[in-house]
Every structure is written in structure tokens, then in C-alpha cells.
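Asker: I'd like to ask some things about the structure below.
Every read-out reported here was derived from the displayed coordinates using simple, explicitly stated rules and does not represent laboratory data. No experiment lies behind these values; they were computed from the predicted model shown. Cβ placement follows ideal geometry from the backbone for every residue including glycine, while neighbour counts extend to all protein chains displayed.
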Amino acid sequence: MDSEGSYIGCPCGLETLRAQHDSLNTRVVEQLNQTQELVMLNNFSRESNEYHFKKCLQERMSDIASWRWVLEDLARRLEEAIASLKYEHNALCVVGERVHNEIVEKSEAGSRPGALSPMTDTVEHAILQEYNFLRDQKKKFAKLVLEVEKQVTALQKTKKRIEADVIHKKQALSVEESCASVSAHSSNMEGAQRNKKRGSPVGRWENRCSFLKRAGLRALSARCESVSVHSGAGAHDESELGAETTAALKQNKIARSSMAKRGETMEQERLVEARRADRLLRPGRELTRDQVDRNLSDELGRM
């Protein structure tokens, strides 16, 4: 007798059903294990991706913040340079006005030849020299004023570009911070319904930042060079003006001394002439050419 009829009431094919049941249970357990393994791998992959995402985002935010600080510092330095240039521009305008007033005074102090052209003595020559010197200085200061105005315009243009880029970086940091705060449980998550904007490569972004940095540094370097040039020119002009003034004062001193001596000589000549004229008033018989007349003639010839 077979196993199916080994005991009374046993249904037909029970062992086959049991074998199928055990096989299905084994497959279910294997499926559950595989599913659990996939869930674990998926969780690990998600956590790893989240870590790398936040790390990359932090590095990106750090780069943006660093460039923002660099450009903000450049903008501040450019603002100081612009203020310094404007102050220098005003100072040059004031100096130019003073030089113009000096020119007017020198032109009024000098002689104005009319029908009878006066002789130009050393004092007049010194005045003309100083007048020409001041006129040349006025041209130099006018040229410096134009150069300063051009430099102020260039600095303002560079500063405007840098400030616009700083504003963009602030907005980018705000967006990145908002992106970092988004999580799976955030209630304000939006679907990917926005229009995708085509971004530029990071290398191009870094090149643009480096270009702005170099432009700002070049502007500051040009400002420093112009300050040294203007200071050197001012010192040279001041020394030259001092030398010209010293020479003019020396010439004026010599001229005054010569005129004083000439005045004394003329006074002495008048005295001698007066004495000779008085001696001519003597009576005819007493009018002789004696030693006194000879002394007066010799004195007049010596003078």
C-alpha cells in the first residue's frame, strides 16, 4: 500500500502541497532578504549621496563667500581710491586757480610797453621769467586734472562691475543656503516644474572672478603709480619754483643794491655839480682853475 493511504482520512497529494508550500516560503524569505538588502543599500547610497551633496554645496558656498569677500574688499579699496582722487582733483583745481591768480598778479606787476617802450631791467626780467614759469605750471596742472578725471571714471567703471558681481554672489549664497535647508520633510518643496536654465562651467565662473580681481588690482596699481608721479611732479615743481624764486630774489637783491649805489652816485654827482656851480659864481678876477676845481673834476670823472 502507498503512502497516500497510510492512514485513514489523509487527503490525496498532501505531501506535494507541503513541498510546494515549503518552496514558496523559501522563495518568499529569499525575496524578503533581497528586498531588505536592497533597502539597506538604497539607504546607504542615499546617505552617501546626501553627504557628498552637502559637502560639495559647502565647498561651493565657501568659494562664493571667499570671492565675495575678495571683491568686496576690492570695491572698498576702489571707493577709497576714488575719494582720494576726487580730493586730489579738488586740490589740483585750487592750485591751478592760485597759479592763475599769480599769473594775473605778475602780468599786472610787469610793465606794459606803450608808445615809449621802457627798458627791461633785471627786476622786469625776473618778473617775466616767473610769469612764464607760472604759465607752464598752469598747463601742467590742467593736464593733471584731466588725467585724474579719466582715472576717476575708469575706477568708477571697474568698481561698478565689481559691485554688480558682489550682488550676484550674495544672491547665489542666499539660494545655496536655501537649497541646503531643503529636506525630504520640508513642506515647501516644489516639483521640477521650473524652466531649466543653462548654466556656465565652473571654470568660466572662476575666470570671470579672476578677471574682475585683476581689473581691480590693476586699477589700484595705476592709482598708486599716479600718486607717486603726481607727488614727484609736485616735489619737482616745488623745488623748481623754489629755485626760480630764489634766483629771482637774488637778482632783485642785486638790482636793488645796484640801484641804491647808483642813487648814491647820482646824489654825489649832484653834490659835486652843485659845488662846481657855486664856484662859478665867483667874481671874474677870482675865477681861477685852482686845485679845488681840479679835485672836483677828478671826483666827477671818477664817479
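Asker: With θ set to phi - 60°, apply the Karplus curve 6.51 cos²θ - 1.76 cosθ + 1.60 along segment 97-103 and write out the HN-Hα couplings as whole Hz, x wherever there is a Gly or Pro.
Answerer: Ordered by residue, 3J(HN,Hα) equals 5, 5, 4, 4, 5, 4, 4 Hz.
Asker: If neighbour count is taken as other Cβ atoms inside 10 Å, put L144, L173 in order from fewest to most.
Answerer: L173, L144
Asker: Additional query: Where does each of Y131, Y51 land when they are ranked from fewest to most other beta-carbon atoms within 10 angstrom?
Answerer: Fewest-to-most ranking of Y131, Y51: Y51, Y131.
Asker: Step through the table entries K143/K169; K55/K169; K139/K213; K54/K170, compare each Cα-Cα distance with 28 Å, and write down the pairs that go over it.
Answerer: Over 28 Å apart, Cα to Cα: K143/K169; K139/K213.
Asker: Among D73, D165, what is the fewest-to-most ranking by other Cβ atoms within 10 Å?
Answerer: Fewest-to-most Cβ neighbours within 10 Å comes out as D73, D165.
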